Amino acid sequence: MGYRILLVGSGGREHALAWKLLQSPLCDRLLAAPGNPGIAALGRGLGAGRVTMVNVGAEAIPKLVALAKAEKIDLVVCGPEVPLMAGLGDACVAAGLRCFGPSRAAAEIEGSKQFAKDLMRRAGIPTAAYGSFSDVATADAFIDAQPGDVVVKADGLCAGKGVVVTSAHDEAKRAVRTMLVDRAFGDAGGRVVIEERLIGREVSMMALCDGTRFVLLASAEDHKAVFDGDRGPNTGGMGAYSPSPLVDQALTETIARKFFAPLVAAMAEAGRPFRGLLYGGLMLTPERGPLVIEWNCRFGDPETQAVLPRLDEDLLPWLLDAASGELPMLSPQWLPGLAVCVVLAADGYPGKVRSGDPIAGLGDDGQLAGEGSDLVVFHAGTKRGPGGLLTSGGRVLGVTANGGNLVEARDRAYAGIARISWPGMHFRKDIGLRGKA
Ligand code: AMP
Ligand code: GLY
């Protein structure tokens, strides 16, 4: 039988999910709420006649549930974290809908840094030492007592902006004041977690979870800083590549055993079984091995745009099985080689961005003409104007190339990028280059 899917979200991650799900012969129809022009264009190509764009926002929970009921949706797939923290997963389950995405209680693994840290402490999962505080004096005393630098994090969701990596205790105290006193992040910063600052390479590991079991996906590395050489302010991610050469078979097993298995078990024991995508951000420290930096309750962006193009299987059965609590204990198959995703950002990103610049180089299908499935342009912040595609957001496009090796994948991605332009477009030239080390 064919399945009807409701995909919630509008970024590059959701475009990658739509692109992969529409390759499934089991997918009869994909509704995107609200989707983006790249997803809409799939309805004229790969997903011909199977894509419906719905003008319902990703955070309009009752409307999404009503839509899913009316459209007899078999699976709701949620991209972003905010709807999950707002209870989309619970609302779906209450309405008898199958949802790939956790309950609000389980989404707290991302939605509350303190909850995540306390759970890890109880479960013995290696992570940075920390304290959590809601008043300035105690936070200051904790900072003074630390031998090294610290990282200050707002407890709640801040669209990736609530983390300040500091290099001096004064700086850390200022960050605490910005959050606790000035309420720069509103209630999300009413409590702060202060952690020891770790040094090392970061890797992203994602797993499909069904409440009690998990299946790891291929590893990836994000590139968070805006400029080449990891310089400049942090962004949502300027590119990713997969797999990470740092994550060999032995490390994969360690990550499964010491991080994912105890976390999934602890969530179930806490009465918050995790169903959906569990994302672990790990720092590989030279002295203490891997330590958790963060858990997320959803697919990574832009990691997903580098991981899914290598998945050599139909994604839909995996999501259905995870959402139904029946994940098979198998490992998915991956294409050989590597995938590199380079993000093309708008003028000003990650600061104040300019929108509405005309994007040159893409065809009506939102893709580069004459390319096959080893070069895909994922739309993140685009909109359709009268004369064609316009920029609409900070991260505008993600160009993903598959290749037999790093050089091939990078060359293909950057050759594609050379054909795309708009005023103020910028991107990193060194995505994946660390993979050479
Ligand atoms: P998060 O929102 O928790 O992912 O943090 C954003 C980024 O801040 C991470 O990807 C790291 O680069 C950095 N970061 C977070 N926690 C730490 C830590 N304890 N030590 C060093 N860097 C960190
Ligand atoms: N790329 C990091 C994240 O999705 O949180």
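The values are calculated or read from the model by the stated rules, or taken from the named source; none is laboratory data. Every value quoted in this text rests on a predicted model; they were computed, and no experiment measured them. Note that each Cβ is placed from the backbone with ideal geometry, even for glycine, and that neighbours are counted across all protein chains shown.
For this structure, a couple of remarks:
- In the set ASP74, ASP135, only one residue is more than 16 Å from ligand 2 (Cβ to nearest atom) and either modelled with pLDDT under 95 or under 18 Å from PHE185 (Cβ atoms) (or both); that residue is ASP135.
- Qualifying residue in the stretch 209-228 (condition: within 13 Å of ligand 1 (Cβ to nearest atom), at pLDDT 95 or above, part of a strand (DSSP E or B) and not aliphatic (A, V, I, L, M)): yes
- Taking residues in the stretch 290-302 that are of a type in the set (A, V, I, L, M), and partners anywhere that are near ligand 2 (Cβ under 8 Å from one of its atoms), the pairs with Cβ atoms closer than 6 Å and at least 6 places apart or on different chains are ILE293/GLY281.
- Among the conditions (1) more than 16 Å from ligand 2 (Cβ to nearest atom); (2) closer than 29 Å to HIS379 by Cα; (3) in contact (Cβ under 8 Å) with a residue 40 or more places away in the chain, ALA261 misses just one, which is (2).
- Residues that are within 16 Å of ligand 2 (Cβ to nearest atom) and among the small types (Gly, Ala, Ser), drawn from the stretch 272-311: GLY276, GLY280, GLY281, GLY300, ALA306
- Every residue from the stretch 275-290 that is surrounded by 20 or more Cβ atoms within 10 Å (Cβ to Cβ) and either more than 19 Å from ALA225 (Cβ to Cβ) or more than 16 Å from ligand 1 (Cβ to nearest atom) (or both): ARG275, GLY276, LEU277, LEU278, TYR279, GLY280, PRO290
- Selection status of ARG310, surrounded by 19 or more Cβ atoms within 10 Å (Cβ to Cβ), more than 30 Å from GLY404 (Cβ to Cβ) and either touching a residue at least 60 places away in the same chain (Cβ under 8 Å) or within 16 Å of ligand 1 (Cβ to nearest atom) (or both): no
- From the options VAL181, VAL215, VAL192, residue that is surrounded by 24 or more Cβ atoms within 10 Å (Cβ to Cβ) and away from ligand 2 (no atom under 16 Å from the Cβ): VAL192
- Filter result for the condition that a residue is under 30 Å from ASP90 (Cα atoms), in contact (Cβ under 8 Å) with a residue 12 or more places away in the chain, surrounded by fewer than 16 Cβ atoms within 10 Å (Cβ to Cβ) and more than 16 Å from the chain's Cα centre (by Cα), over ASP210, ASP187: ASP187
This table checks each residue for (1) more than 16 Å from ligand 2 (Cβ to nearest atom); (2) out of contact with any Asp or Glu (no Cβ under 7 Å at 6 or more places or on another chain); (3) touching a residue at least 12 places away in the same chain (Cβ under 8 Å).
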{"site": "THR235", "(1), (2), (3)": "no, yes, yes"}
{"site": "MET238", "(1), (2), (3)": "no, yes, yes"}
{"site": "PRO245", "(1), (2), (3)": "yes, yes, yes"}
{"site": "THR254", "(1), (2), (3)": "yes, yes, yes"}
{"site": "ARG257", "(1), (2), (3)": "yes, yes, no"}
{"site": "ALA265", "(1), (2), (3)": "yes, yes, yes"}
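- Per the conditions (1) surrounded by fewer than 21 Cβ atoms within 10 Å (Cβ to Cβ); (2) not in a strand (DSSP E or B), the sole criterion not satisfied by LEU362 is (1).
- Residues satisfying the stated conditions in the stretch 237-256, i.e. of a type outside the set (A, V, I, L, M), in a loop (DSSP other than H, G, I, E, B) and surrounded by fewer than 21 Cβ atoms within 10 Å (Cβ to Cβ): PRO245, ASP248
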